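**Q** The structure follows.
The values are calculated or read from the model by the stated rules, or taken from the named source; none is laboratory data. Owing to the predicted nature of the structure, the values given are computational and were not obtained by experimental measurement. Heads up, the Cβs are rebuilt from the backbone with ideal geometry, glycines too, and the neighbour counts pull from every protein chain shown.
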Amino acid sequence: MVCSPGQPLYGSRYKVERQIGSGGMGIACLATNRQGKLVVLKTLRELILKSSSAQKFTDRFKDEALRLSLCRHANIISIENAFSAFLKLGTEKIEVPFLVENLEEMVKQWLELHKLNFSPTAPKDKVLSWVGGRLSYFLSHWQ
């Protein structure tokens with residue numbers, strides 16, 4: 001398991017609380033920083049980290065974390081930090097990239113969506129307008 005409850009990371013700057021989500025490529029873990037604030041740590045899934053293409057995915061993850069950290073916009077959750085840790089996964093020590101996002105900003109974004117009453121049955125133009133505003137800013141800074 002990439003993130004275990006109680007696991008210290010990055011010189012004990014972060015302490016993993018629990019995994020809170022996963023997708024096709026990565027996982028998200030709830031953690032606390034040294035100030036006791038909740039943050040979200042995102043990283044790649046263990047299956048990807050152990051694959052023959054691990055270096056390619058790790059490099060791409062780091063590049064995307066750097067690009068996201070340069071984006072400053074009210075509709076993009078800011079990156080608090082990005083780092084790599086060498087963790088023992090099974091019998092090997094593997095480089096694991098992480099990015100750290102501000103949980104408070106994530107909650108504010110979710111509340112904005114909720115306030116706008118977005119639901120699976122919401123009008124598509126309303127949802128696309130909201131998402132499009134965020135994506136257009138990000139994509140304009142991608143190059």
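**Q** Kindly evaluate LYS42 against the criterion of being surrounded by 17 or more Cβ atoms within 10 Å (Cβ to Cβ), among the basic types (Lys, Arg), part of a helix (DSSP H, G or I) and in contact with a strand residue (DSSP E or B) (Cβ under 8 Å, 6 or more places away or on another chain). I'd like the intermediate steps shown before the answer.
**A** Working: surrounded by 17 or more Cβ atoms within 10 Å (Cβ to Cβ): yes; among the basic types (Lys, Arg): yes; part of a helix (DSSP H, G or I): no; in contact with a strand residue (DSSP E or B) (Cβ under 8 Å, 6 or more places away or on another chain): yes.
No.
**Q** From LYS50, LYS56, LYS37, LYS42, which residue is free of Cβ contacts under 8 Å to residues at least 40 places away in the same chain and charged (D, E, K, R)? Don't jump to the end; show me each part of the working.
**A** Numbers: LYS50 fails: free of Cβ contacts under 8 Å to residues at least 40 places away in the same chain; LYS37 fails: free of Cβ contacts under 8 Å to residues at least 40 places away in the same chain; LYS42 fails: free of Cβ contacts under 8 Å to residues at least 40 places away in the same chain.
So the residue among LYS50, LYS56, LYS37, LYS42 that is free of Cβ contacts under 8 Å to residues at least 40 places away in the same chain and charged (D, E, K, R) is LYS56.
**Q** Just to be sure I understand the filter: pairs with C-beta atoms under 6 Å, separated by 6 or more residues or on different chains, first member in segment 9-34 and acidic (Asp, Glu), second member not in a loop (DSSP other than H, G, I, E, B). Which pairs pass?
**A** GLU17/LEU30; GLU17/ALA31
**Q** Among SER69, SER51, SER84, which is the only one that is among the hydroxyl-bearing types (Ser, Thr, Tyr) and part of a strand (DSSP E or B)? Let's see the steps before the verdict.
**A** Working: SER69 fails: part of a strand (DSSP E or B); SER51 fails: part of a strand (DSSP E or B).
Going through SER69, SER51, SER84 in turn, just one is among the hydroxyl-bearing types (Ser, Thr, Tyr) and part of a strand (DSSP E or B): SER84.
**Q** So, in segment 30-39, exactly how many residues are buried (at least 17 other Cβ atoms within 10 Å of the Cβ) and either β-branched (Val, Ile, Thr) or in a helix (DSSP H, G or I) (or both)?
**A** 1
**Q** Quick check on segment 89-102. Is at least one of its residues of a type in the set (S, T, N, Q), assigned to a strand (DSSP E or B) and modelled with pLDDT of 90 or more? Reasoning before the result, please.
**A** Quick first cut of segment 89-102, residues of a type in the set (S, T, N, Q) only: 91, 102.
If we keep only those that are assigned to a strand (DSSP E or B) too, we end up with 102.
Subset that is modelled with pLDDT of 90 or more: none.
For segment 89-102, residues of a type in the set (S, T, N, Q), assigned to a strand (DSSP E or B) and modelled with pLDDT of 90 or more: absent.
**Q** Here are some residues: GLU95, GLU64, GLU101. Which one is surrounded by fewer than 18 Cβ atoms within 10 Å (Cβ to Cβ), acidic (Asp, Glu) and under 11 Å from the mean Cα position of the chain (by Cα)?
**A** Being surrounded by fewer than 18 Cβ atoms within 10 Å (Cβ to Cβ), acidic (Asp, Glu) and under 11 Å from the mean Cα position of the chain (by Cα) holds for just one of GLU95, GLU64, GLU101, which is GLU64.
**Q** Now a separate question. Kindly evaluate SER69 against the criterion of being without any contact (Cβ under 8 Å) to a residue 40 or more places away in the chain, of a type outside the set (A, V, I, L, M) and within 22 Å of TYR14 (Cα to Cα).
**A** On the way: without any contact (Cβ under 8 Å) to a residue 40 or more places away in the chain: yes; of a type outside the set (A, V, I, L, M): yes; within 22 Å of TYR14 (Cα to Cα): yes.
For SER69, the condition - without any contact (Cβ under 8 Å) to a residue 40 or more places away in the chain, of a type outside the set (A, V, I, L, M) and within 22 Å of TYR14 (Cα to Cα) - is met.
**Q** Suppose we filter segment 1-27 for residues that are more than 15 Å from PHE83 (Cα to Cα) and either more than 14 Å from the chain's Cα centre (by Cα) or surrounded by fewer than 17 Cβ atoms within 10 Å (Cβ to Cβ) (or both); how many remain?
**A** Looking only at segment 1-27, we keep the residues that are more than 15 Å from PHE83 (Cα to Cα), and these are 1, 4-7, 17-27.
From what is left, the residues that are either more than 14 Å from the chain's Cα centre (by Cα) or surrounded by fewer than 17 Cβ atoms within 10 Å (Cβ to Cβ) (or both) are 1, 4-7, 17-25.
Matching residues across segment 1-27 total 14.
**Q** Counting just the residues of segment 77-88 that are at pLDDT 85 or above and surrounded by 14 or more Cβ atoms within 10 Å (Cβ to Cβ), which one comes out nearest to LEU49 (Cα to Cα)?
**A** Here is the first cut: in segment 77-88, the residues at pLDDT 85 or above are 79-88.
Imposing the further condition that a residue be surrounded by 14 or more Cβ atoms within 10 Å (Cβ to Cβ) reduces the set to 79-85, 87.
On the way: ILE79: 22, GLU80: 23, ASN81: 20, ALA82: 17, PHE83: 15, SER84: 12, ALA85: 12, LEU87: 11 Å.
Step by step, filter segment 77-88, then rank; the result is LEU87.
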